[in-house]
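Undergrad: Dropping a structure here in structure tokens format, bear with me for questions.
The values are calculated or read from the model by the stated rules, or taken from the named source; none is laboratory data. Bear in mind that the values here come from a model prediction, so they are computed numbers and not experimental data. Here the Cβ positions follow ideal geometry from the backbone for every residue, glycine too, while neighbour counts run over all protein chains shown. Side chains are part of the model used for accessible areas, which takes the heavy atoms of the whole protein and leaves out ligands, DNA and RNA. Shrake-Rupley method; radii C 1.70, N 1.55, O 1.52, S 1.80 Å.
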Amino acid sequence: MRYISKRIIFFLITAWTALTMNFILPRLMPGNPAEVMIAKFQGRLNPQAIKALEIAFGINVHQSILIQYMDYLGRMITGRFGISVSFYPSTVSKVLSQAIPWTIGLFGTSTVIAFLLGTILGIRTSWRRNSPSSSVIVPLSLFLNSMPYFWFALIIDYVFAFKLGWFPLGGAYSSRGNVTGWISIGSILYHALLPGATIIITATGGWLLTMRNNMMSVLSDDFVTFARAKGLPDQVIEYKYAARNAILPSFTGFAMALGFVISGALLTEIVFSYPGVGYLLYQSVLNIDYPLMQAIFLFITIAVLTANFIVDMVYIFLDPRVRLGGGE
Amino acid sequence: MMKLVRKMDTEQIETKNKTVVEIEKLVKEFRIGRFTHARVVHAVNGIDIDIGKKEVVGLVGESGSGKTTVARVVARLYEPTSGRIILNGREIPKRMNRKALLDYRKHVQMIFQDPFSSLNPLHTVGYTLERPLKVHEIVDGNGRKERVKELLEICGLAPAEKYIDKYPYELSGGERQRVGIARALAVRPQLILADEPTSMLDVSIRLDIMNLMLDLKEREDISYLFITHDLAAAHYMSDRIAIMYAGHLVEIGPADEVINEPKHPYTQLLRKAAPKPESGLKPEEIDIGGEVPDLTELPSGCPFEPRCPFAKPKCREKLPDMVKVSEGHFVRCVLYSGGELQ
Amino acid sequence: MKTLLRVEKFNAGYTLKHTIVHAVRDVSFELKEREFLGIAGESGCGKSTLAFGLTRMLLPPGKVFSGKVEFDGKDLLNMNDEELRKIRWKDFSIVFQASMNVLNPVMKVKDQILDAITYHTSDYNGRLEKRARDLLALVNVSEKYLNAYPHQLSGGMKQRVVIAMALALNPKMIIMDEPTTALDVVVQKKILQEIDELRKKFGFSIIFITHDLSLLVEISDTIAIMYAGSIVEKAPSNVLYRHSLHPYTYGLMNSFPPLVGKKKRLHGIAGRPPDLSHEIKGCPFYERCPKRIKGVCDRVKPELVEIEPNHTVACHLYDEAGEKDGYRANRDEE
Amino acid sequence: MKYVLVFLKNKKAAFGLGILLFFVIIAIFAPYIAPYSPTYMGFVPLQPPTKQHLLGTTATGQDIFSRVVWGTRLSLFVGITTGLIATVLSVVIGLTAGYFGGLVDDILMTIANIFLVIPGLPLIIILAAYITIKGIWPIIFVISITGWAWGARVLRSQMLTLKNRDFVNASVVVGERPLHIIFADIFPNMLGLIVANFFGASIYAVLSEAGLEFLGLGNSNAISWGTILYWAQNNQAILFGLWPWMAVPGLFIALLGMSFALMNFAVDELTNPRLRK
């Protein structure tokens, strides 16, 4: 089908672009920044590791750029990202794979909650657009949406963890004693609560505003007026007619919004020292660990692309015009 | 100075009935989609129309018949896929440099359907009307202002001072369309392509716009290609009427004849479908199914065959030729090609 | 015939920030059972506001200011929302102007027909599918389109589906707001024929709103002409066509070039209608009227008076203020 | 002029503009508002707010209030400059793609879509980490090239709509040159959207800059709200209970972001009649 093939091609082009950027950027910069990094770690890394880094970043390598590139693509596709300098002698893949579950668990869950919450609130506030609660919610979400996530994280960390002491200041689980089973799950949830709340509270505003705008547009569409003329109950009009159509643009803009939220989530992890990908990125930046940085960037990009692809596929089920072709 | 220009223009075409423009085998195709989904829309499929001096030819058809595309190709908003456009006996090349194109535009102008979108909302009436004078370097400085006033007044927007600094949103639909007409008139063209100029206007002012166009024809020696879906309006305006269906010309002839004795089954259908309270209050019934054919997959025979009550097997074989049924009256239908007609 | 709808002194419009647009002004009329009433008027004359207002479909900033609407013995304007919802579509339905966009793009045609039924009655339970098929058959749409989505239908088919939906619960009245304006002449004609047949078959009343007077003359029983928010003349179609009294109606009738017959020069009506956000003193047509009486028409608003049975007109030429013989006024022209 | 008045009548716009003006005034009069030099390090370090130091002092004994006041200059500058650059990129790319169509359009829009899908901050972080020159311009550059894509897409579709309007066709028939058509006929009709787009890009810029500085990827010796937060975080201001050190610069970022968001929202409301109440 045309739509699916288009999405697949786009997925591949974008993934390839991200890979290629990763390859070109260090080579493009004046005095290949990787050189600085390698010089800095000279003596702390064994010569083999240095050699591997040199190959990865094209320093002192007498291969043509094309061969370097093919070699690089091969390594990336098979997941051989090289050795992490800051976590030497661990491989990048190993370091990364330890961080991924934390991020996906925390971030995935809170994003889904924020999306659902924002969408539902968006529907409700636009349907009752003149009620007092809507007139509070809109400026509030504008504020939340234009606030730096990390700052909000800092504030609630200060208030709820430091001042009130209700929650841990950071980390993902309790390190005291050997907790197992349910207790450890409880501890994980306990630690996840503040960072999760940060993401939910700040991200919800964005989804809410998007959904509200879409709803306002759809509510003035003729088919909604017609549904009223048909004497359908308000709830049916609100959901089956208005919201059902208003949600479609939310899906098409999903990738961008997701990118925005993920950026916020990375910073949130840093504030809470949450051992996920964002915190890892921070550490790799501090330690100028380029191989790790590259791998993280690739991982995030591919993750967003995949999420986006899934959303595109869901969209097929939601919009018959895409599913069946024809129309505009 | 202005009078001189004017005189030279009229000298080029002296005799009445001289042909101003001939459109020959005009074809326009649009390519849509890309790669595996590329398709060709056959919007105009080889039509021939000539328009004489001070003549109004009505081009009638339903949506998708290609009538607007004809106007836009002749107006050089689109390049023709093939076919010839001959202006004052000279063929217009497919590609023109700016000078040639400007020269062409000086002779051929256009009035658009929607007076609400055909005027730039951010430009005043005066600016809109000054532009053609400036672009074509017709008059300079003060003369331009005078000419703009003259144009407004010719088009029934008097006193001109009241209108010259207004923005489109301050004008009614009829007033806007008058500005549109004045803009087309500015360069003193020979031919004006009028693309449904009254269909978006209120009924009570349609006639005045049509009357204005007819008056201007006499006053400024203009020919019109008057495009419409309304048979009655075409009848009111035109000397000759051409009927289009699915990108083909199916009938052309003197207006009274085409209306009162339509030959092509499609023209007959259009006539029946048009409201005409004057002919008694009992409406005529029509009985026809089907829809206008898909322009990306046109039938090879007569395009009207699938819906035609008189369809014969041979209609499907090839596109019928244009046959002469009386002086200046031609029909593209097999009913008239085989001696069935006297 | 029994009166089905009675509208009295109906006023509606739009309250904007700085102005109030008084779009419908003191409109009164009656619709009988089985009657086909055409309401004709030009853009901005308030005809759509009237249709939306009297069915309480106007949304803010639109508002009904005052008046009375009695439909089938029920007071439409003072019903609560739930009561109103229940009779909508069941007792009267509306076919909209922009039928291209009135269908929900993500729902199948069938489901959109059925939800109108199921939220109003359980009469068809068990044979809903059949009901939907029958309805499409009434308007000559193949039943294979039941499972289609709106974007798969042509403009004419969409309009037919909407008409089928309007018939779903056998309403007593259908309001049609420019139902065929966006369609091609041939399709328009065909659909009008179908509407007429259906009306004869089921006996509902129609209020048909359009700017195209020439259409109405052929199809409706009665025609009301609206100008600047008011009804200026109302009469049976043939009477209105042959003996229109109001100078506006007369001008409008002569604004359509006849299709057949000899060509002759006709004239439209110069000028434009008054701004409805201002108060109008006297006759709203005064500025454009060729027969205006200075000192009378610009001072006193003419009331609708019945000149002969079923023929009413609001013009000083025909009432005491004008002191003129109405029928002579037109014959002079002819 | 008339449009400015209409804009100001909108409550959201007026409020947004008010906040922006507030910061502009602080930025301009920073030397008069700030009681001390922002770089002077002689005060007692890590003080909580006092009369002398409204927001307390840093770990190196600097007056936080003075730093926040002076920081306004840089934060505002980066936000507006980046917003402008990104908008210019959006306009050029969006209009080119929309006006020429065809292959040019396909290529430019694929690039825009790629930039939209690749998450912005990680890309900015990578870019900033590779750029070894520290300063304000690399940051402006990096945020600009990641922030143009959305605007380009919106402006392109507006261009497509306007290009097919009959007033453009009328200009063609009159004989206007393409440049005149683009700049005198089409462009003025897009101004509302371009302004909205500028506000949108500025929010993105303000937030991204703060994020980058907070991570220490900018020039941490420069004085901006982001770097103040960076030092606050680095010196564990929270653990010392020095909350104003964090709260105030963050609040300022949020307020500046919100002022752009409000104006963006307002222009949206004014240009899109469907959003009007």
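Undergrad: Which of the residues in segment C:209-251 lose at least 50 Å² of accessible area when you go from the chain alone to all protein chains together (probe 1.4 Å)?
TA: Residues meeting the cut-off: C:Glu218, C:Tyr241.
Undergrad: So how do D:14-21, D:31-38 stack up, highest first, on mean other-Cβ count within 10 Å?
TA: On the way: D:14-21: 16.8, D:31-38: 14.2.
Top to bottom by mean Cβ count within 10 Å: D:14-21, D:31-38.
Undergrad: Out of residues 5 or more away from B:Thr296 or on other chains, whose amide H comes under 5 Å of its own, with H placed 1.01 Å from N in the peptide plane?
TA: It is B:His42, by chain and number.
Undergrad: Might you tell me the accessible area per residue for segment C:179-334, computed with a 1.4 Å probe and given in Å²? Display every interim value, and only then the final one.
TA: Working: 7010 Å² over 156 residues.
On a per-residue basis, 45 Å².
Undergrad: Taking the Kirkwood radius as the inverse of the mean 1/r across Cα pairs, report the Rg/Rh of segment B:80-123. Please report the intermediate quantities before stating the final value.
TA: Numbers: Rg = 14.1 Å, Rh = 12.8 Å.
The Rg/Rh ratio comes out at 1.09.
Undergrad: Going down the list A:Lys230/C:Lys234; C:Lys86/C:Lys172; C:Lys47/C:Lys172; B:Lys67/C:Lys264, which pairs span over 18 Å between their C-alpha atoms? Show your work: numbers first, answer last.
TA: Details: A:Lys230/C:Lys234 30 Å; C:Lys86/C:Lys172 14 Å; C:Lys47/C:Lys172 21 Å; B:Lys67/C:Lys264 26 Å.
Listed pairs above 18 Å: A:Lys230/C:Lys234; C:Lys47/C:Lys172; B:Lys67/C:Lys264.
Undergrad: Also, I was wondering about something else. Packing-wise, with mean Cβ within 10 Å as the measure, how do A:237-243, A:318-324, A:106-112, B:263-269 rank, highest first? Provide the component values of the computation, followed by the final result.
TA: On the way: A:237-243: 21.0, A:318-324: 16.6, A:106-112: 19.1, B:263-269: 23.3.
Ranking, from highest mean packing down: B:263-269, A:237-243, A:106-112, A:318-324.
Undergrad: Same structure, new question: By per-residue mean of other Cβ atoms within 10 Å, what is the highest-first order of D:197-207, C:159-169?
TA: D:197-207, C:159-169
Undergrad: Please report the relative contact order for segment B:89-189, taking Cα pairs under 8 Å with a sequence separation of at least 6, and give it as a percent rounded to a whole number. Could the numbers behind the result be given before it?
TA: Numbers: 105 pairs, mean separation 41.3, N = 101.
Relative contact order, segment B:89-189: 41 percent.
Undergrad: Within a 10 angstrom radius of each residue's Cβ in C:188-198, how many Cβ atoms of other chains show up on average? Whole number is fine. Provide the component values of the computation, followed by the final result.
TA: Details: counts 3, 11, 6, 0, 4, 6, 0, 0, 2, 0, 0.
Mean shielding by partner chains, rounded to a whole number: 3.
Undergrad: Per-residue Cβ counts within 10 Å, from other chains only, averaged over A:258-265: what number is that?
TA: On the way: counts 2, 10, 5, 1, 4, 10, 3, 2.
Counting other chains' Cβ atoms within 10 Å and averaging over A:258-265 gives 5.
Undergrad: Amide H to amide H under 5 Å from B:Val56: which residues, 5+ apart in sequence or cross-chain, H placed 1.01 Å off N in plane?
TA: Residues meeting the amide H criterion: B:Tyr224, B:Asp239, B:Arg240.
Undergrad: Which percent of the accessible heavy-atom area of segment B:89-189 goes to carbon and sulfur, probe 1.4 angstrom?
TA: Ligands and nucleic acids excluded, carbon and sulfur reach 47 percent.
Undergrad: Calculate what fraction, in whole %, of the accessible area of segment D:161-234 sits on carbon and sulfur atoms when a 1.4 Å probe is rolled over the protein chains.
TA: Ligands and nucleic acids excluded, carbon and sulfur reach 60 percent.
Undergrad: With θ set to phi - 60°, apply the Karplus curve 6.51 cos²θ - 1.76 cosθ + 1.60 along segment A:213-223 and write out the HN-Hα couplings as whole Hz, x wherever there is a Gly or Pro.
TA: So the J values, rounded to whole Hz, are 4, 4, 4, 4, 4, 5, 4, 8, 6, 4, 6.
Undergrad: To the nearest whole percent, what portion of all C-alpha pairs in segment B:89-189 is separated by more than 24 angstrom?
TA: 24 percent
Undergrad: Same structure, new question: Output needed for the protein assembly as shown: three equivalent-ellipsoid semi-axes, defined as square roots of 5 times the C-alpha gyration tensor eigenvalues, in descending order, whole Å. Spell out each step's value before the answer.
TA: Details: eigenvalues 822, 271, 206 Å².
Over the Cα atoms of the protein assembly as shown, the semi-axes work out to 64, 37, 32 Å.
Undergrad: Using Stokes-Einstein with the Kirkwood hydrodynamic radius over Cα pairs, what translational diffusion coefficient do you get for chain D at 20 °C and a viscosity of 1.002 mPa s, in µm²/s rounded to a whole number? Write down the numbers at each step before the final one.
TA: On the way: Rh = 20.5 Å.
The Stokes-Einstein estimate is 105 µm²/s.
Undergrad: Excluding residues on the same chain fewer than 8 positions from D:Lys9, give the aspartates and glutamates whose Cα lies under 13 Å from its Cα.
TA: Result set, ordered by chain and number: D:Glu269.
Undergrad: Determine the alpha carbon to alpha carbon distance for each of B:Lys276/C:Lys262; B:Lys276/C:Lys190; B:Lys25/B:Lys272; B:Lys217/B:Lys263; B:Lys28/B:Lys94 and list only those over 19 Å. If you can, show how the numbers build up before the last one.
TA: Details: B:Lys276/C:Lys262 13 Å; B:Lys276/C:Lys190 15 Å; B:Lys25/B:Lys272 30 Å; B:Lys217/B:Lys263 29 Å; B:Lys28/B:Lys94 12 Å.
B:Lys25/B:Lys272; B:Lys217/B:Lys263, as the Cα separations exceed 19 Å there.
Undergrad: Sticking with this one: Under 5 Å between amide H atoms, partner at least 5 residues away or on a different chain: which partners does C:Val305 have, H built in plane at 1.01 Å?
TA: Those qualifying (amide H under 5 Å, at least 5 residues apart or on another chain) are C:Val313, C:Ala314, C:Cys315.
Undergrad: Below 19 Å, Cα to Cα, which lysines can D:Lys134 reach? Residues fewer than 8 away in the same chain don't count.
TA: A:Lys40
Undergrad: Between segment A:121-164 and segment D:182-239, what is the C-alpha centre distance in whole Å?
TA: 20 Å
Undergrad: Another question about this same structure. Give me the inter-chain shielding for B:108-114: mean count of other chain Cβ atoms within 10 Å, whole number please. Display every interim value, and only then the final one.
TA: Numbers: counts 1, 4, 6, 2, 6, 1, 3.
Taking all residues of B:108-114 together, the mean is 3.
Undergrad: Take the alpha carbon atoms of segment B:290-330, find their center, do the same for segment B:102-135, and report the distance between the two centers in whole angstrom.
TA: Between the Cα centre of segment B:290-330 and that of segment B:102-135, the gap is 38 Å.
Undergrad: Accessible area of chain A with a 1.4 Å probe: how many percent of it is carbon plus sulfur?
TA: Working: 9750 of 14220 Å².
On chain A, the fraction of accessible area on carbon and sulfur atoms equals 69 percent.
Undergrad: What FRET efficiency comes out for C:Lys144 versus A:Leu189 if R0 is 56 angstrom and r is the Cβ-Cβ distance? Round to the nearest 0.05.
TA: Numbers: r = 54 Å, r/R0 = 0.96.
So the FRET efficiency works out to roughly 0.55.
Undergrad: Right, another one. Ballpark to the nearest 100 Å², how much total accessible area do C and A bury together, probe 1.4 Å?
TA: Buried: approximately 2300 Å² between A and C.
Undergrad: Using θ = phi - 60° and the Karplus curve 6.51 cos²θ - 1.76 cosθ + 1.60, what whole-Hz ³J(HN,Hα) does each residue of segment B:176-185 get, with Gly and Pro shown as x?
TA: Each residue's phi maps through the Karplus curve to give 4, 5, 5, 5, x, 5, 4, 4, 5, 6 Hz.
Undergrad: ³J(HN,Hα) across segment C:240-254 via Karplus (A = 6.51, B = -1.76, C = 1.60, θ = phi - 60°), whole Hz, x for Gly/Pro?
TA: 5, 5, 8, 10, 5, 9, 6, x, 5, 4, 4, x, 5, 4, 8
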